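Undergrad: Below is a structure I'd like to ask you about.
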Amino acid sequence: MSASGNIGASRILLRKLREIMETGGSAQERLDRLVVMVASTMVADVCSIYLTRGAVHELFATQGLRADAVHRTRLKSGEGLVGLVAETAQPLNIADAPHHERFAYRPETGEDPYNSFLGVPIVRSERTFGVLVVQNRVSRVYGDDEVEALQTIAMVLAEMVASGAFGDLSGLAEVEARASRPEALLGRAFSDGLAIGVAVLHEPHAPLGRVIADDPVKEEQRLEAALAQIRDDLAELLHGDPGRISGVSRDVLETFSMLAADLSWETKLRHGVRAGLSADAAVERVRGEHRAKFNTTRDPYLRERLHDLEDLDNRVLRALAGVGGANAQPLPDNAILIARDLGPAELLDYGAERLCGIALEEGGATGHAAIVARALGIPMVGVVPGLLSRVEAGDAVVVDGERGEVRLRPAPEVTAAYQQRLALRDARNAEFARLKDVPPVTADGERVTLLLNAGLALDAQQLDEVGAEGIGLFRTEFQFMVSEQLPRLESQTMLYRDVLDAAGNRPVTFRTLDLGGDKVLPYMRAEREENPALGWRAIRIGLDRPGLLRYQLRALIHAAAGRRLRVMFPLVTIVSEFDAARALVDQELAWARKNGRTLPSVVEVGVMVEAPALAWSIPDLKGRADFLSIGTNDLMQYFFAADRGNPRVSERYDVLSAPALRLLKRIREDADAAGIPISVCGETAGRPLEALALTALGYRRLSMPASGIGPVKRMLLSLDARQAADWLEKAMRARGGARQRLAELATEGGVAL
């Protein structure tokens, strides 16, 4: 059959489907007419619709099989060829079905004479809730045009069931085309807190309005205009002013541009429109295919490419809807953002005013979106498998950042329970607020300095709110990551000055740019590295590109005119790297002096201990470094050879295990022997039990997210530090693990964890 013939057949199918939906009758009657129409139009001996009820695929309508098998034939999840199609979310096209290894014979259907089998999934929002099947007596493989026609019918059927186009759905009450039942999904807590609100999809469904086109020519013109728009937008980003798309790098922009010119992708879209779908529905169908393949593909390269294709699908849908950006949608006051993953720039684009929670299907606890969420005080849960397929825009959602759970469409009693927990949290926060001016001194008189981790100007405003004594880590790279181009010297200077002004007389430690690895700037070309966490990043970039580092140091020196300036360098591995970096500070001080600039009153230069190599070189830093700060996130990932951004391995190590504790103890002892002040500024310091262990090891300066200050201070006020040192020694010898034993001893000792 010619291409025009294929398109004509598809249009006939869609026109007949519309006629069936517009006529009266019950849902069952219309399903019955639909299978008759499909069988007739496709010259098939059998057409059947299986819909999913709970854990079974039930025969809902058939033309060709025995009529009394309807609602009697049920296949368990994964059973038979129908189960295989539902499981893979892919079409199955075979000439000899009875001899397929997954064939499940059901005598009540009377399907003995039929050999060829074509089944396509009925999918919506990544949820497969049925299978549409045609069969013939003759053994043959169905043509591509027939497969595409059946997929089109399945897609339209899915949208119509989900939208209620069948009218009285009493016969389909247990078929979940749209998620509607309460569900509890388990993930990982990224940012502490509880949130009750409504789901806002980061990449929402475009409002289809109508699925079947009234005017295919006009729909194709709409599609062409949308495709031209996204191609022009990408070209402008690539060849015009440096910019960004969702915080990704230029090489990804080039990949997008290449995919946007992929003729096979465009051909699929055009074919759907010419077959009779609206432009929006044609894109939705292709996006559904990409999402289904993404969910069943394990190859990292293919998943990345499918993710890019889905991003392009989303862009076309937004262009068709006349929406300029992913965050252009208005947010309700209690919005809970739902996404596959999220960059820090995207999160900041939404703003914190109306965003009360975030749930991600992927993501990482130490990723930058998570760090920003903690800074903004927004509860976040990530690594929630199946999240996108289980939630609809507008659903009631609870994000539990304490337990790492996401509750979808919770029952009233569950919502009431969470409201009680929120009230308790408010009471606990009120207690922390009362403690904010109380010095953090242990019960036996040990003074511990509690500092704030920050990365945004608004973080500095939290110093007074939580009673922090300064900023122990200011991550300067966030300004670079959320900017559309390299921040100018004046912009950098203004940010650093604002932070110093907000801190007043309290110390602020600025970490120079920690870029590379998973922190890629959209306006800098980045080379792909096999092991980016071990590659060209942090101080290595700064020393190889000294102009960038000197530019930042000049801004810091100018901002700190007449005031104390503390600068530290990230991921130094050997002492000579620190010497080279410190020399750049001296050069910039000399430049400022020569040009008549007001110098800082005091300049202190420190280094982050994140690489095991430097951890064993601390004696050599005596007389060189003014202070040290341990970054536990990176130090532990290198110590345990476990990528902190990989959920499969990031939880395999424990900072409270004996080897890690021995390393931290050795670092503190070497720093004391060298006379170099030392602090801990990783996420570890903000958790009460871990902070107890650090205090027991002799650390007296801890820097943490704002949410950790209150809980850690309350713990310290109830702690005897000398007794804690004894507990830690016992815990490190315990067979069951140091964490469990230390928690038991602390609880027995009345420590407020």
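Undergrad: What number goes with the only condition from (1) within 25 Å of Asp672 (Cα to Cα); (2) under 35 Å from the mean Cα position of the chain (by Cα) that Leu717 does not pass?
TA: Just one mismatch for Leu717, condition (2).
Undergrad: While we're here: Checking Ile667 against (1) among the aliphatic types (A, V, I, L, M); (2) in a loop (DSSP other than H, G, I, E, B); (3) touching a strand residue (DSSP E or B) at 6+ places or on another chain (Cβ under 9 Å): exactly one of these is not met. Which one?
TA: Failed condition: (2).
Undergrad: If you go through the stretch 405-443, how many residues are of a type in the set (Ser, Thr, Tyr) and not assigned by TED's automatic domain parsing to the domain that holds Val384?
TA: Narrowing the stretch 405-443 to residues of a type in the set (Ser, Thr, Tyr): 415, 418, 442.
Pick out the ones that are also not assigned by TED's automatic domain parsing to the domain that holds Val384 and you get 442.
Looking only at that region, the number is 1.
Undergrad: Quick one: which residue in Asp214, Asp232, Asp241 is part of a loop (DSSP other than H, G, I, E, B), exposed (fewer than 13 other Cβ atoms within 10 Å of the Cβ) and at pLDDT 70 or above? Even if it seems obvious, please write down each step before you answer.
TA: Working: Asp232 fails: part of a loop (DSSP other than H, G, I, E, B); Asp241 fails: at pLDDT 70 or above.
Just a single option satisfies the conditions, and that option is Asp214.
Undergrad: Scanning the stretch 370-400 for residues that are surrounded by fewer than 24 Cβ atoms within 10 Å (Cβ to Cβ) and of a type in the set (Gly, Ala, Ser), which turns out nearest to Leu347 (Cα to Cα)?
TA: Looking at the filtered set, the residue picked out is Gly377.
Undergrad: Further question on the same structure: Just checking: which of the helices (runs of 4 or more DSSP H) contained wholly in the stretch 527-631 hold 2 or more residues that are out of contact with any strand residue (DSSP E or B) (no Cβ under 6 Å at 6 or more places or on another chain) and of a type in the set (Lys, Arg)? It would help to see each step written out before you state the result.
TA: Values: elements: 539-544, 546-559, 575-594, 612-615.
Output list reads 546-559, 575-594.
Undergrad: Can you name the number of the only condition in (1) more than 24 Å from Gly470 (Cα to Cα); (2) in contact with a Leu (Cβ under 8 Å, 6 or more places away or on another chain); (3) of a type in the set (Lys, Arg) that Arg545 fails?
TA: Going through the list (1) more than 24 Å from Gly470 (Cα to Cα); (2) in contact with a Leu (Cβ under 8 Å, 6 or more places away or on another chain); (3) of a type in the set (Lys, Arg), Arg545 breaks only (2).
Residue-wise test of (1) surrounded by fewer than 24 Cβ atoms within 10 Å (Cβ to Cβ); (2) touching a residue at least 12 places away in the same chain (Cβ under 8 Å); (3) charged (D, E, K, R); (4) touching a Leu at 6+ places or on another chain (Cβ under 8 Å).
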{"residue": "Gly675", "(1), (2), (3), (4)": "yes, yes, no, no"}
{"residue": "Cys681", "(1), (2), (3), (4)": "no, yes, no, yes"}
{"residue": "Thr684", "(1), (2), (3), (4)": "no, yes, no, yes"}
{"residue": "Glu690", "(1), (2), (3), (4)": "no, yes, yes, yes"}
{"residue": "Leu694", "(1), (2), (3), (4)": "no, yes, no, yes"}
{"residue": "Leu697", "(1), (2), (3), (4)": "yes, yes, no, yes"}
{"residue": "Leu702", "(1), (2), (3), (4)": "no, yes, no, yes"}
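Undergrad: Quick one: which helices (runs of 4 or more DSSP H) sit completely within the stretch 673-746 and have at least 3 residues that are farther than 24 Å from Arg644 by Cα and hydrophobic (A, V, I, L, M, F, W, C)?
TA: Numbers: elements: 688-696, 706-717, 721-733.
Correct list: 706-717, 721-733.
Undergrad: Looking only at residues in the stretch 432-468 that are part of a loop (DSSP other than H, G, I, E, B) and touching a Lys or Arg at 6+ places or on another chain (Cβ under 6 Å), which one is farthest from Leu495 (Cα to Cα)? I'd like the intermediate steps shown before the answer.
TA: Restricting attention to the stretch 432-468, the residues satisfying the condition of being part of a loop (DSSP other than H, G, I, E, B) are 436-440, 442-446, 448, 455-456, 461, 467-468.
From what's left, touching a Lys or Arg at 6+ places or on another chain (Cβ under 6 Å): 440, 444, 448, 455, 467.
Values: Pro440: 30, Asp444: 40, Val448: 29, Gly455: 10, Gly467: 22 Å.
Among them, the one singled out is Asp444.
Undergrad: Wholly within the stretch 326-427, which helices (runs of 4 or more DSSP H) include no fewer than the required count, namely at least 1 residues that are modelled with pLDDT of 80 or more? Working first, answer last.
TA: Working: elements: 344-350, 368-376, 387-390.
The helices (runs of 4 or more DSSP H) meeting that bar are 368-376, 387-390.
Undergrad: Let me ask something else. Which is in the same structural domain as Leu14 (by TED's automatic domain parsing), touching a Leu at 6+ places or on another chain (Cβ under 8 Å), at pLDDT 90 or above and crowded, with 18+ Cβ neighbours inside 10 Å, of Ala97, Ala149, Ala104?
TA: Details: Ala149 fails: at pLDDT 90 or above; Ala104 fails: crowded, with 18+ Cβ neighbours inside 10 Å.
None of the other options fit; the residue is Ala97.
Undergrad: Which ones in the stretch 706-720 are modelled with pLDDT of 95 or more and among the hydrophobic types (A, V, I, L, M, F, W, C)?
TA: If the condition is that a residue be modelled with pLDDT of 95 or more and among the hydrophobic types (A, V, I, L, M, F, W, C), then Val712, Met715, Leu716, Leu717, Leu719 are the ones that fit.
Undergrad: What residue, among those in the stretch 53-77 that are among the β-branched types (Val, Ile, Thr) and out of contact with any Lys or Arg (no Cβ under 9 Å at 6 or more places or on another chain), is surrounded by the fewest Cβ atoms within 10 Å (Cβ to Cβ)?
TA: First, the residues of the stretch 53-77 that are among the β-branched types (Val, Ile, Thr): 56, 62, 70, 73.
Retained after the next criterion (residues that are out of contact with any Lys or Arg (no Cβ under 9 Å at 6 or more places or on another chain)): 62, 70.
Values: Thr62: 26, Val70: 20.
Here the answer is Val70.
The values are calculated or read from the model by the stated rules, or taken from the named source; none is laboratory data. Small disclaimer: the values here were computed from a predicted structure and weren't measured. We place every Cβ from the backbone using ideal geometry, glycine too, and count neighbours over all the protein chains shown.
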